[in-house]
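Here is the structure we will look at.
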Amino acid sequence: MARIAGVNIPTNKRVLIALQYIHGIGQQKAAEICKKVGLADERRVNQLSDDEVLRIRETIDRDYTVEGDLRRDVAMNIKRLMDLGCYRGLRHRKGLPVRGQRTHTNARTRKGPAKPIAGKKKAA
Amino acid sequence: MARSVWKGPMVDGYLLDKADKARASTRNEVIRTWSRRSTILPQFVGLVFGVYNGHKFIPVSVTEEMVGHKFGEFSPTRVFQGHSGSGDKKASR
């Protein structure tokens, strides 16, 4: 069982895939890490030696922001915009789309589930 | 897509002169501007700009954090009054 970058314990998948269970590591970075550590694509996590696990861990610690640190960075960036009082900050505060999308319809990802409008009649 | 670096930041030239003048005079005057498209430069920090929103000049006191943003971002052009029947309408303007 391998424990990399805090709480992530990817099991008997290929290393390339297993690394992507870490927040902040996708296809691109997983491939980069495998290359740096010198792992073949077919290698699975349960076939890794302790030394290789250690090197993966070191590579991630050294070169990438992941998990809690990354989440904090993102939250700080959003907080900066909100404190600044700029347009993007206002949109974050109101929970509306930030990048100029329409809000007449859609925008449900940001706005959440549709709320019923009081007094609006249903068609008979 | 982001703006090319070799062009430098986009600023309407007259703002630079106005900023210099405001620095020279000791009184803190609001620099009125319609140039919402101009980037906020480091030499604007500490000055107060009145940024036009199509209705009136919104005072924006420039801080270090704002450098790199545009003036228009700090002067909202729309006033959301709430939807009809939602009850919690905000006071007008």
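Checked against (1) over 17 Å from the mean Cα position of the chain (by Cα); (2) in contact (Cβ under 8 Å) with a residue 12 or more places away in the chain; (3) buried (at least 16 other Cβ atoms within 10 Å of the Cβ), A:GLY95 passes all but a single condition, namely (3).
If you go through the range B:64-75 one residue at a time, how many are open to solvent by 60 Å² or more (accessible area, probe 1.4 Å) and either farther than 22 Å from A:ILE78 by Cβ or within 10 Å of chain A (Cβ to nearest Cβ) (or both)? Residues meeting the conditions: 2. Among all positions in the range A:113-120, there is no residue which is among the hydrophobic types (A, V, I, L, M, F, W, C), exposed (fewer than 15 other Cβ atoms within 10 Å of the Cβ) and within 30 Å of B:VAL62 (Cα to Cα). Please verify whether A:ARG71 is touching a helix residue (DSSP H, G or I) at 6+ places or on another chain (Cβ under 8 Å) and more than 14 Å from every other protein chain (Cβ to nearest Cβ), treating the condition exactly as stated. Taking the combined requirement at face value, the residue does not satisfy it.
Return yes or no: is A:VAL98 within 14 Å of another protein chain (Cβ to nearest Cβ) and either at pLDDT 90 or above or not in a loop (DSSP other than H, G, I, E, B) (or both)? Answer is yes for this residue.
The values are calculated or read from the model by the stated rules, or taken from the named source; none is laboratory data. A quick note: this is a predicted structure, and the numbers were derived from the prediction, not measured. No Cβ is skipped: glycine too gets one built from the backbone with ideal geometry, and neighbour counts run over all protein chains shown. Note: areas computed on protein heavy atoms with side chains; ligands, DNA, RNA excluded. Shrake-Rupley method; radii C 1.70, N 1.55, O 1.52, S 1.80 Å.
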